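Asker: One structure is given below, represented as structure tokens, and several questions about it will come after.
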Amino acid sequence: MTPLPVSAFTVTSALGAGRDAHWHALRSETSGLRKLAFDTNTLDCWLGEVAGFDAPLPAQWAQWDCRNNRLALFGLQQDAFLSAAAALRERYGRDRVGVFIGTSTSGVQHTELAYRARDPHSQRLPDWFQHRYTQNIYSVADFVAQVLDLNGPALAISTACSSSAKVFASARRAIAAGTCDAAVVGGVDSLCLTTLYGFNSLQLVSSDICRPADAARGGISIGEAAGFAVLDPNAAAPIALLGYGETSDAYHMSSPDPDGQGAVASMRAALASANVGAAEVDYINLHGTGTMANDSAEGRAVCTVFGTQTPCSSTKGWTGHTLGAAGIVEAAIAMLCIEHGFMPRSVNTRTKDPGIEAAVLLESRDAPVRTVMSNSFGFGGSNCSLLFGKRA
Amino acid sequence: MSAPSQPVWIEAVGIAAPGFASWQAAQPVLRGEAAYERTELPPHAPQLLPPNERRRATQTVRIAFQAAEDAVRGTSLAPATLATVFASSDADLNIIHRISMALTQTPRLVSPTDFHNSVHNAAAGYWSIAVGARAPSSTISAYDFSFAVGLAEACNLVRIDGLDALLVAFDVPPPQPLCEKRPIGCIAAVALILTQARTAASLASIDCAQVDEAPTHAATAELEELRRSNPATAALPLLELLAQRRSGRVVLPRSSRGGLAVSLDVLDAR
């Protein structure tokens, strides 16, 4: 594919609001994970909570009000992203800019609150609960399109933890097909009891902090995040999407193929679509959830494609696993690495699992970074690898 | 940046909706040769799932498989080679209901099976396991506009990534008390197989464009009611043209602000 310039991007997670907050946290080795109270959670676990956004939406957006859309708006307000989107709208017209948003649970936390408030006799849900504008998976994509006043193709991609990586592929296809001229892509997922207790039921939530690739890793720490990017084929931006790969494991609903064959195919497809050789990749941002199964399978897959020397790390020890937002968060981190010439270490990793032969970074590095791969894998065996690079 | 318009070929159709147990059964009704009788379908036992998974399959997975299996019968292409787009407004609200109820109780016992089946892409995951498909797969939501948005995504996979694709649109009614908040009138799914090259089985070529027009209605009051009762059956005006082997243009809803015009060029009836 022709490299597709990324003319603006922003990210908000437990590391803070906006790109600078992320860069400073990565630089100063400060994880965003905390043991803190969320809602009525009783599980003993670490959380990657975003601070400072939980006020009700302004009156004009009242029907959309829920934690997920609040986080979406807060994310859009960082790094002058609203102005970047407005400039895009002026340049191409509102009908010619698409909106592609990844989420795994959208506003389901609003549904949890509504179920708690249901009528004890009739079981009816409260009048304030509007499914379409909150819980529905599309709600966050529709909300972002409304806030940005864009009327091109709009959709939510919901493939669990690969959702907001796959938006880049979908948007690139739509631009290449002429369905739209440019696109806003992004991902938003917010903390809710559904995912906390759900992942806990699968024994995947660690009571310890998330320690990707550690010999004694115990599972994930759940986080929340919002991130957005502008894909504009005519922009003179320094960083571009070079390629993408999407595959399915065809193995199991909630466990990765232990040999990582789907992950291998996804990384190879990304390299092939970019016409970039494995040796040209300077750094790999791993999916690296901190579960036994994922980190072992992904480590094996990375070695199959790249050998054992390419520096790699998971940044989920910093942000937590932000699920449907993980793809955009890690795409943003990949682009920050290119911008600053930096490779973050696998924070919280004490002793690397001897079974993982990939070159997991235990110390951060300052070094020129031209090309980065970012992996995102999800339940249902949904894999996506993205390749970002400095434009020649 | 617009690519030259390059046709996408419709290879096969599948449907599972009230009164329509298969594409073969639906065609005489959609041609106006037989009366439409709105009868609920019995639960489908997905043929492509292993027996254990078949027994445990949710209503959502069953209906998606029923339409997908129906479409696959109309092609000689191996299902393992097809990229997939699963399009659903809400996937499985029965599960969301059970999890939401569990979260109101002490202790909060969420079923692990419910949780892994609660992901929006559960049907896509089961499909890829069932047929051994390692090809790209997307699962999208666009509320009531999910069929047209999924169709556009599938066409882009064909045109830009050069893949043959299976599109499966499906939704099921939520249980009480969610159904008051999200009325979906019936269980239904519609599937299309789209190819980049014309094959011996090709039915028609299609081209899509965004327009500022209201959706096309179905031919009769009964079918119009069906069109409006599930996001998947929004495809009915397109299916009517296909059943009638008639070229033409229909508008399907693609957002609250516009439509997707689908132009159909039907090959001579064989």
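Coordinate-derived values only; no laboratory data. All figures in this text were calculated on a predicted structure; none of them were measured in a lab. Please note: Cβ atoms are built from the backbone with ideal geometry, for glycine as well, and neighbour counts cover all protein chains shown.
Asker: To the nearest whole number, what is the average tally of beta carbon atoms from other chains within 10 Å of the beta carbons of peptide A:93-104?
Answerer: 2
Asker: Nearest 20 debye, what's the magnitude of the dipole of chain B about its Cα centre given +1 on Lys and Arg Cβ and -1 on Asp and Glu Cβ?
Answerer: Dipole size: approximately 420 debye.
Asker: Do any GluC sites (Glu not before Pro) in the stretch B:1-80 lie in a DSSP loop with no more than 13 other beta carbon atoms within 10 Å, and if so, which?
Answerer: Answer by residue number: B:E33, B:E37, B:E40.
Asker: Say each of B:R249 and A:A87 gets a label point 7 Å from the Cα, pointing the same way as Cα to Cβ; how far apart are those two points in nm?
Answerer: 3.7
Asker: Need the full-extension length gain, A:S122 to A:A59, defined as separation in residues times 0.36 nm minus the C-alpha distance. One decimal, nm.
Answerer: 19.6 nm
Asker: Residue farthest toward the positive end of the dipole of chain A, with Cβ of Lys/Arg at +1 and Asp/Glu at -1: which of A:A160, A:A117, A:A269?
Answerer: Highest projection toward the positive end goes to A:A269.
Asker: Under the rule of -39500 (n - 2.57) per DSSP H run of 4 or more residues, summed and divided by the residues of chain A, what mean residue ellipticity at 222 nm is obtained, to the nearest 500 deg cm²/dmol?
Answerer: -9000 deg cm²/dmol
Asker: Once the protein assembly as shown is represented by equal point scatterers at the alpha-carbon sites, with solvent omitted, what log10 I(q)/I(0) does the Debye formula produce at q = 0.05 Å⁻¹?
Answerer: -0.20
Asker: While we're here: How large is ³J(HN,Hα), in whole Hz, for each residue of the stretch B:67-80 in order, when computed from phi with the Karplus curve 6.51 cos²θ - 1.76 cosθ + 1.60 and θ = phi - 60°, using x for Gly and Pro?
Answerer: For the stretch B:67-80, the Karplus curve yields 6, 5, 5, 4, 5, 4, 5, x, 9, 9, 5, 6, x, 5 Hz.
Asker: Of B:V251, B:N156, B:L236, which is farthest towards the positive pole of chain B's charge dipole, taken about the Cα centre with +1 and -1 on the beta-carbons of Lys, Arg and Asp, Glu respectively?
Answerer: Value: B:N156.
Asker: In the stretch B:65-162, which trypsin sites (Lys or Arg not before Pro) are in a loop and have at most 16 other Cβ atoms within 10 Å, using DSSP for the loop call?
Answerer: Here the sparse-neighbourhood loop sites are B:R73.
Asker: Which GluC sites (Glu not before Pro) from the stretch A:291-392 combine a DSSP loop assignment with at most 16 other Cβ atoms within 10 Å?
Answerer: A:E357, A:E363
Asker: Within the set A:K35/A:K352; A:K316/B:K181; A:K35/A:K390, which residue pairs have Cα atoms separated by over 32 Å?
Answerer: In this structure, A:K316/B:K181; A:K35/A:K390 lie more than 32 Å apart at Cα.
Asker: Quick one: dipole size for chain A, taken about the Cα centre, charges +1 on Lys/Arg Cβ and -1 on Asp/Glu Cβ, in debye to the nearest 20.
Answerer: 300
Asker: Averaged over its residues, how many other protein chain Cβ atoms are within 10 Å of peptide A:192-201's Cβ atoms?
Answerer: 6
Asker: Follow-up question, since we're still on this one. Say each of B:Q24 and B:A80 gets a label point 7 Å from the Cα, pointing the same way as Cα to Cβ; how far apart are those two points in nm?
Answerer: 2.6
Asker: Let me ask you something else. Taking the Cβ of A:A169 as the centre, find all other residues whose Cβ is under 12 Å away and add up their charges (Lys, Arg: +1; Asp, Glu: -1).
Answerer: Taking every other residue near A:A169 into account, the sum is 0.
Asker: Tell me which residues come under 5 Å, amide H to amide H, from A:D189 once H is placed; ignore anything under 5 positions away on its chain.
Answerer: A:A225, A:A325
Asker: A further question follows. So how do B:V211, A:V11 line up by other beta-carbon neighbours within 10 Å, fewest first?
Answerer: B:V211, A:V11
Asker: With θ set to phi - 60°, apply the Karplus curve 6.51 cos²θ - 1.76 cosθ + 1.60 along the stretch A:23-39 and write out the HN-Hα couplings as whole Hz, x wherever there is a Gly or Pro.
Answerer: Calculated HN-Hα couplings, in order: 4, 5, 5, 5, 5, 8, 6, 10, 6, x, 7, 9, 8, 8, 7, 10, 6 Hz.
Asker: Which value in deg cm²/dmol, rounded to the nearest 500, describes the helix-derived mean residue ellipticity at 222 nm for chain B, given -39,500 (n - 2.57) per DSSP H run of n ≥ 4 and division by the residue count?
Answerer: -9000 deg cm²/dmol
Asker: Using the Karplus curve 6.51 cos²θ - 1.76 cosθ + 1.60 with θ = phi - 60°, work out ³J(HN,Hα) for each residue of the stretch A:107-114 in order, rounded to whole Hz, and write x for Gly and Pro.
Answerer: Per-residue couplings from phi come out as x, 5, 4, 5, 5, 4, 5, 5 Hz.
Asker: Which one, B:W127, B:A197, B:I15, projects farthest toward the positive side of the charge dipole computed for the stretch B:12-202 from Cβ point charges (K/R +1, D/E -1)?
Answerer: So the residue furthest toward the plus end is B:W127.
Asker: Quick one: if the Förster radius is 30 Å, what FRET efficiency do B:L267 and A:T2 give, using the C-beta to C-beta distance and rounding to 0.05?
Answerer: 0.35
Asker: While we're on this one: What distance in nm lies between label points placed 7 Å from Cα along the C-beta direction at B:E53 and A:Q203?
Answerer: So the two model labels end up 2.3 nm from each other.
Asker: What is the average number of partner chain Cβ atoms found within 10 Å of a Cβ in A:107-118?
Answerer: 3
Asker: Would you mind telling me the antiparallel percentage of the DSSP bridges in the stretch A:102-246, rounded to 5?
Answerer: Bridges in the stretch A:102-246 are about 70 percent antiparallel.
Asker: The stretch A:358-392 to the stretch B:205-228: how many Å between their Cα centroids?
Answerer: 43
Asker: Evaluate the charge dipole of the protein assembly as shown about its Cα centre and quote only its size in Debye, nearest 20, assuming +1 on the Cβ of each Lys and Arg and -1 on the Cβ of each Asp and Glu.
Answerer: For the protein assembly as shown, the charge dipole is close to 220 debye.
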